[in-house]
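Notes to accompany the following structure.
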Amino acid sequence: MAIKIENISKSYEGKKVIYNLSFELPEKGIFCLLGESGSGKTTLLRLIAGLEEPDSGKITGLEDKKISFVFQEDRLLPGSTAFENVALAGGAEAAKLWLERLEIDQAEAQKPCTLSGGMCRRVALARALAFGGDVLLLDEPFKGYDIELKKRIIPYIVEFSQNALVVLVTHNESEAALAGGSIYLSKDR
């Protein structure tokens, strides 16, 4: 069943962030949300995840779906190693697989405070991929990656999207080109 966004509106302190937005997300594949800062991309992800409620409208098709989320902030457990952060979400076998695929396995015994920003992003992404699910929400997941690293890692996201819906928030046009569909959110309401 497709996920339907129907006439969604969301405001914060009287300021409209999303107004009367409607579209449909496929069951599988990559769908991109583009737009300038403040256009409601992160808010829309939070609404899809059920972390916030819309002021009006509804989202359907998420019943019984397992959702995984990579936030803009890495949200790693500071007292746990990279491996422990990922294994907590998906078990040891999945942690080993995703840390290796995302080229962060050499740092699996390190705690987040000793990792670079890009390395922490990869641990957060590995954790979400290890958790798995039907819907993977990615809020600027490739921030801090160089071009060559993106080229090596993005195929794993594409592979994951063959069995799940990946909703990707980005400002980067080349990352958006991965998507089978996209929507541009504007601040102009």
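What follows draws every value from the coordinates through simple rules; no lab data is involved. Predicted model, so just to flag it, every value in this text is computed and none were measured. Quick reminder, even Gly has a Cβ in these numbers, built from the backbone with ideal geometry, and neighbours come from all protein chains shown.
The table for this structure:
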read-out	value
Beta bridges by DSSP in the chain, antiparallel share as percent, to the nearest 5	35 percent
Qualifying chymotrypsin sites (Phe, Trp or Tyr not before Pro) for the range 1-49 [loop in DSSP, other Cβ within 10 Å: at most 10]	none
Coil-residue GluC sites (Glu not before Pro) of the range 1-47, DSSP, other Cβ within 10 Å capped at 11	Glu13
Environment charge at Glu52 (Cβ cut-off 11 Å; Lys +1, Arg +1, Asp -1, Glu -1)	0
Where labels lie 7 Å past Cα in the beta-carbon direction, separation of Glu103 and Gln162 in nm	2.2 nm
Efficiency of FRET between Ser37 and Glu93 - r from beta-carbon atoms, R0 35 angstrom, step 0.05	0.35
D (Stokes-Einstein, µm²/s), Kirkwood Cα radius, the chain, 0.890 mPa s at 25 °C	145 µm²/s
Unsatisfied cross-links (Cα-Cα over 18 Å) in the set Lys28/Lys151; Lys16/Lys143; Lys4/Lys58; Lys15/Lys187; Lys16/Lys65; Lys66/Lys96	Lys28/Lys151; Lys16/Lys143; Lys16/Lys65; Lys66/Lys96
Relative contact order, percent, the range 3-185 [alpha-carbon distance under 8 Å, six or more residues apart]	32 percent
Most fluctuating residue given options Ala82, Ala176, Ala92, as computed from a GNM of the chain linking Cα atoms under 10 Å	Ala92
Separation in nanometres of the label points that stand 7 Å from Cα toward Cβ, at Ala177 and Leu51	3.0 nm
